[in-house]
């Protein structure tokens, strides 16, 4: 084992932070704790380096790295330690050894965790021969390349669905086929009950102590993942508590969309539970006959619709918000059911491909964690 302070040159003294108002746009990346923050017109480093978060990093995360590699001309602010490995340490090996390092025992700070330079210098990593380091790097490079490829494939399939939507239905703005136009309100089966579970509005919100091991799923915005509803990692409340909250229940087949915080995230609810309770950050829409969920979700996902809600969203003290009434007044084109069903079949086939790729990605992620644990503990 070797301490970072012994195997690296620490270049923190060369860092120079620049406030956003004082930055001049240019071609050189301006790095912070977690990656590129901007591009500026000058550089202070031109080397193969490792940047390790000093404060504001993903400390404690199992999937977001706290260190990353940079190469060539760049500028670094004072939120990342700058490490240049010595000749007997491979730069990629050092980066991999630090990416997911558990530094919870040495970071400090009540609200913004910080890894001081003194503590950082004491971090130990396995110091192998250079040939052994390179052999490990080769294996990990292949692993990370495969993971990146799987993610690209998933992204391409999402783009394919959007392309198919435009191919079948045309541009929602131009409406070249002259489809019937409605408002979202006219297209839903029932009026969505808007009773915010926010104490500031006189409503009620379940506390963590109200959660039960099983019961009615309580879906939050972070349970909408990759167009699906994650029911495996959601909270549960009792039916008594749900009745007390006095808010509408979502059901199988409803289209969900977030309207507070990260607005515009969508999913179709597929579940065996008779009722689902939603956090105030999520709205459910139950399409009328003549509009299928797959079409409505895809319409909500279009750049056109996302752009509209982004433009009309109100920005509060901490996060963006779009009211339910404003959502329901938005336009919606309604193509023939034959085309909607054709699109739904295409989405179903694409989802099967995505599932296979996602399963492969999950296996690769498990293997990655296993290898990282094996090599770096």
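Checked against the criterion of being within 30 Å of residue 377 (Cα to Cα) and at pLDDT 95 or above, the candidates 149, 127 yield just one match: 149.
Please verify whether region 357-376 includes one or more residues that are touching a strand residue (DSSP E or B) at 6+ places or on another chain (Cβ under 8 Å), at pLDDT below 95 and not assigned by TED's automatic domain parsing to the domain that holds residue 255. So far as region 357-376 goes, yes, one or more of its residues are touching a strand residue (DSSP E or B) at 6+ places or on another chain (Cβ under 8 Å), at pLDDT below 95 and not assigned by TED's automatic domain parsing to the domain that holds residue 255. List the number of the failed condition for residue 72; all other conditions in (1) surrounded by 14 or more Cβ atoms within 10 Å (Cβ to Cβ); (2) without any contact (Cβ under 8 Å) to a residue 60 or more places away in the chain; (3) assigned to a strand (DSSP E or B) hold. Of everything listed in (1) surrounded by 14 or more Cβ atoms within 10 Å (Cβ to Cβ); (2) without any contact (Cβ under 8 Å) to a residue 60 or more places away in the chain; (3) assigned to a strand (DSSP E or B), residue 72 misses just condition (1). Any chance you could count how many residues in region 235-271 are assigned to a loop (DSSP other than H, G, I, E, B), crowded, with 17+ Cβ neighbours inside 10 Å and on the phi < 0 side of the Ramachandran plot? The qualifying residues number 7. Restricting 237, 276, 257 to residues that are within 28 Å of residue 337 (Cα to Cα) and either without any contact (Cβ under 8 Å) to a residue 60 or more places away in the chain or out of contact with any helix residue (DSSP H, G or I) (no Cβ under 8 Å at 6 or more places or on another chain) (or both) narrows the list to 276. The set of residues from region 203-230 being in a loop (DSSP other than H, G, I, E, B) and closer than 24 Å to residue 299 by Cβ comprises 220, 226, 227, 230.
If you go through region 115-144 and keep only what is surrounded by 19 or more Cβ atoms within 10 Å (Cβ to Cβ) and touching a strand residue (DSSP E or B) at 6+ places or on another chain (Cβ under 6 Å), you end up with just 120. Filtering 274, 280 for residues that are modelled with pLDDT under 90, surrounded by 14 or more Cβ atoms within 10 Å (Cβ to Cβ), more than 24 Å from residue 150 (Cα to Cα) and in the same structural domain as residue 239 (by TED's automatic domain parsing) leaves a single hit, 280.
Kindly check whether there is at least one residue in region 201-213 that is modelled with pLDDT of 80 or more and closer than 26 Å to residue 348 by Cα. No; the residues of region 201-213 include none that is modelled with pLDDT of 80 or more and closer than 26 Å to residue 348 by Cα. Only one entry in 306, 340 is assigned by TED's automatic domain parsing to the domain that holds residue 217 and either assigned to a loop (DSSP other than H, G, I, E, B) or in contact (Cβ under 8 Å) with a residue 12 or more places away in the chain (or both), namely 306. Of the candidates 354, 369, the single residue that is closer than 30 Å to residue 94 by Cβ and in contact (Cβ under 8 Å) with a residue 40 or more places away in the chain is 369. Report whether or not residue 67 is at pLDDT 90 or above and crowded, with 20+ Cβ neighbours inside 10 Å. Yes, satisfied. Within the set 297, 352, the sole residue that is at pLDDT 90 or above and either part of a loop (DSSP other than H, G, I, E, B) or loosely packed, with under 14 Cβ neighbours inside 10 Å (or both) turns out to be 352. If you take the residues in region 324-336 that are surrounded by 14 or more Cβ atoms within 10 Å (Cβ to Cβ) and assigned to a helix (DSSP H, G or I), which one is modelled with the lowest pLDDT? Among them, the one singled out is 324. Considering only region 106-148, state which residues are in a loop (DSSP other than H, G, I, E, B) and in contact with a helix residue (DSSP H, G or I) (Cβ under 9 Å, 6 or more places away or on another chain). Across region 106-148, the qualifying residues are 106, 107, 122, 123, 126, 127, 128. Comparison of 162, 156, 151 shows that the only residue that is free of Cβ contacts under 8 Å to residues at least 12 places away in the same chain, under 30 Å from residue 301 (Cβ atoms) and part of a helix (DSSP H, G or I) is 156.
The values are calculated or read from the model by the stated rules, or taken from the named source; none is laboratory data. Bear in mind the structure is a predicted one, so any value in this text is a computation, not a measurement. FYI the Cβ positions are ideal-geometry reconstructions off the backbone, even for glycines, and counts take in every protein chain you see.
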